[in-house]
Amino acid sequence: MQRVQLRDAKATLSSLVDQAVRGEPSVITRHGRPEAVVLGFAEWERLSHIPSFGRLLMEAPLEDGDLPERTGGFRTTDF
């Protein structure tokens, strides 16, 4: 993934968008730190529809007995 400074991204935005559409995303940095990513719309749509692991667990069609009983109890910690 290409890294581009913000000032260079402003000057070459059209080129960055063309690259993103071809499947080559770019990371835009400010003062050396990653701040944003330019990626194609199709890739963004694909990523935005991937459910989180928690959502998958909540929607799983589980029935009683599908998961093993929890053993051992709680851990103790010293704070």
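Considering only segment 8-42, state which residues are at positive phi and hydroxyl-bearing (Ser, Thr, Tyr).
Quick first cut of segment 8-42, residues at positive phi only: 23, 31-32.
Listed by number, the list is empty, since nothing qualifies.
Return the pair list, or none, for Cβ contacts closer than 7 Å from residues in segment 17-33 that are without any contact (Cβ under 8 Å) to a residue 24 or more places away in the chain to residues that are β-branched (Val, Ile, Thr), at least 6 apart or on different chains.
17/38; 20/38
Any chance you could count how many residues in segment 22-79 are out of contact with any helix residue (DSSP H, G or I) (no Cβ under 8 Å at 6 or more places or on another chain) and closer than 18 Å to residue 3 by Cβ?
Adding up the residues that qualify gives 9.
Can you report the number of residues in segment 32-79 which are at pLDDT below 85 and among the aliphatic types (A, V, I, L, M)?
The total comes to 6.
Among helices (runs of 4 or more DSSP H) lying entirely in the chain, which contain 2 or more residues that are of a type in the set (A, V, I, L, M) and under 20 Å from the mean Cα position of the chain (by Cα)? Spell out how you get there, then give the answer.
Numbers: elements: 6-11, 13-21, 41-48, 53-58.
Ranges flagged: 13-21, 41-48, 53-58.
Looking at 36, 9, which one is small (Gly, Ala, Ser), in contact (Cβ under 8 Å) with a residue 12 or more places away in the chain and in contact with a strand residue (DSSP E or B) (Cβ under 8 Å, 6 or more places away or on another chain)?
Details: 36 fails: in contact (Cβ under 8 Å) with a residue 12 or more places away in the chain.
Result: 9 is the single residue among 36, 9 that is small (Gly, Ala, Ser), in contact (Cβ under 8 Å) with a residue 12 or more places away in the chain and in contact with a strand residue (DSSP E or B) (Cβ under 8 Å, 6 or more places away or on another chain).
The values are calculated or read from the model by the stated rules, or taken from the named source; none is laboratory data. This structure is a prediction, so every number in the text was calculated from the model and none was measured. Counting neighbours? That spans all protein chains shown, and the Cβs are built from the backbone with ideal geometry, glycine included.
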